[in-house]
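The values are calculated or read from the model by the stated rules, or taken from the named source; none is laboratory data. Bear in mind that the values here come from a model prediction, so they are computed numbers and not experimental data. Glycine gets a Cβ as well: all are built from the backbone with ideal geometry, and neighbour counts include every protein chain shown.
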Amino acid sequence: MLITDLRRYLRRTGLDPNRRLGQNFLINSSIASRIAAEIPGQGSVLEIGPGFGSLTEKLLPRSESLSVVEISDRMALFLRQRFSGERLNVIRADFLEVDPSELPAYPFMTVVGNLPYYISSPIIFRMIEHSFRHVQKAVLMLQREVAVRLSTLDGGKDYGKLSLQIWPVFTVEDLIDVSAEDFYPVPGVLSRVVVLNRRSNPLISEELYGRFRKIVKVSFAMRRKTIFNNLKPLLGKDGALKLLEMSDVDPCHRAEQLPPERFVKMAEAMP
């Protein structure tokens with residue numbers, strides 16, 4: 001979609017980009033084509049936040065069935081009019097609240113989206129919910145710093161709850177960096193497209209995953225505290241020391257110093 005097309009749509013609909021909803025519309029068609037090229041060409045596809053449809057138009061020819069979830073009433077109406085006659089299901093809903101099993105063409109094999117940056121993490125976490133268990137791939141446009149945090153597993157300031165909670169279920173691949181000028185209005189941040197590929201065998205059993213996720217959240221509750229001090233409110237002093245001893249973890253270490261496998265050990269030892 002060219003900027004001239006977008007401005008014409010804005011004039012026609014009387015809509016302005018809503019900053020509260022994080023609306024920054026992609027206007028670089030080559031980026032949209034690159035994202036669409038990742039679609040496997042089989043199974044149902046779900047797009048989150050289609051806006052005026054710059055990515056939607058590229059996805060349609062590559063999708064057996066395409067459903068889009070759009071939070072804006074007027075934008076959803078525009079999409080129905082723009083793609084009238086196409087094999088497109090337009091759902092006016094908040095993606096964070098919608099039950100995917102009630103959407104047309106469920107279950108979805110692929111999820112795609114230019115995500116509103118302020119809610120990108122909650123959207124990513126939906127990919128590990130049971131209702132999205134059929135999703136084999138997610139191609140997501142993120143704020144670059146969020147994309148970095150999502151793929152960092154080797155410690156440091158970017159390593160934490162986001163990457164660890166996704167790690168057992170998906171691998172993360174950086175696809176392409178996107179400049180601010182590829183959007184309208186121009187955001188104040190840089191972007192990156194990442195690809196989440198579901199592991200054929202999860203690294204943690206479904207029964208253990210809940211405890212693993214709890215341990216990760218508690219361990220990173222206060223990043224500057226030692227892992228022992230973060231665990232004390234949950235397990236008490238003696239319980240925290242016992243868990244760390246059983247998991248071969250130094251109580252003086254911070255969570256960002258531990259590899260992912262150590263959190264698995266703590267989850268296994270957790271009472």
- May I ask you to list the residues in the stretch 215-230 that are in contact (Cβ under 8 Å) with a residue 40 or more places away in the chain and either part of a helix (DSSP H, G or I) or on the phi > 0 side of the Ramachandran plot (or both)? Ile215, Val216, Lys217, Ser219
- Query: Among (1) within 30 Å of Asn24 (Cα to Cα); (2) touching a Ser or Thr at 6+ places or on another chain (Cβ under 9 Å), which single condition is Val193 missing?
  - Reply: (2)
- Item | Candidate set from the stretch 190-212 (those that are in a strand (DSSP E or B) and among the basic types (Lys, Arg)); member that is nearest to Ala269 (Cα to Cα) | Arg198
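Identify all residues within the stretch 145-189 that are among the hydroxyl-bearing types (Ser, Thr, Tyr) and part of a loop (DSSP other than H, G, I, E, B); write none if there are none.
As a first pass, look at the stretch 145-189 and keep what is among the hydroxyl-bearing types (Ser, Thr, Tyr): 151-152, 159, 163, 171, 179, 184.
Once the filter is applied, which keeps residues that are among the hydroxyl-bearing types (Ser, Thr, Tyr) and part of a loop (DSSP other than H, G, I, E, B), the stretch 145-189 yields Thr152, Tyr159, Ser179.
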- Phe52, sole failed condition from (1) in contact with a Lys or Arg (Cβ under 9 Å, 6 or more places away or on another chain); (2) of a type outside the set (Asp, Glu); (3) modelled with pLDDT under 90; (4) farther than 23 Å from Arg92 by Cβ: (4)
- Can you confirm whether the stretch 66-73 contains a residue that is part of a loop (DSSP other than H, G, I, E, B), of a type in the set (Ser, Thr, Tyr) and either modelled with pLDDT under 95 or not assigned by TED's automatic domain parsing to the domain that holds Gln23 (or both)? yes
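Which one of these is in the same structural domain as Ser247 (by TED's automatic domain parsing), closer than 30 Å to Asn24 by Cβ and modelled with pLDDT of 95 or more: Lys232, Lys217, Lys225? Can you show your working first?
On the way: Lys232 fails: closer than 30 Å to Asn24 by Cβ; Lys225 fails: closer than 30 Å to Asn24 by Cβ.
So the residue among Lys232, Lys217, Lys225 that is in the same structural domain as Ser247 (by TED's automatic domain parsing), closer than 30 Å to Asn24 by Cβ and modelled with pLDDT of 95 or more is Lys217.
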- Message: For the list (1) modelled with pLDDT under 95; (2) over 16 Å from the mean Cα position of the chain (by Cα), I need the number of the one condition that Tyr118 fails.
- Response: (2)
- Which residue pairs have Cβ atoms closer than 6 Å, lie 6 or more positions apart in sequence or on different chains, and pair a first residue in the stretch 243-271 that is farther than 20 Å from Trp167 by Cβ with a second residue that is surrounded by 19 or more Cβ atoms within 10 Å (Cβ to Cβ) and among the aromatic types (Phe, Trp, Tyr)? Pro251/Phe228
- Task: Say whether the condition of being assigned to a loop (DSSP other than H, G, I, E, B), loosely packed, with under 13 Cβ neighbours inside 10 Å and under 18 Å from the mean Cα position of the chain (by Cα) is met by at least one residue in the stretch 86-94.
- Result: yes
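Results for (1) farther than 15 Å from Val216 by Cα; (2) free of Cβ contacts under 8 Å to residues at least 60 places away in the same chain; (3) surrounded by 18 or more Cβ atoms within 10 Å (Cβ to Cβ), shown as yes or no for each residue.
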site: Pro116; (1), (2), (3): yes, no, yes
site: Ile119; (1), (2), (3): yes, no, no
site: Glu129; (1), (2), (3): yes, yes, no
site: Val135; (1), (2), (3): yes, no, yes
site: Ala138; (1), (2), (3): yes, yes, yes
site: Leu142; (1), (2), (3): yes, yes, yes
site: Glu145; (1), (2), (3): yes, yes, no
site: Trp167; (1), (2), (3): no, no, yes
site: Asp174; (1), (2), (3): yes, yes, no
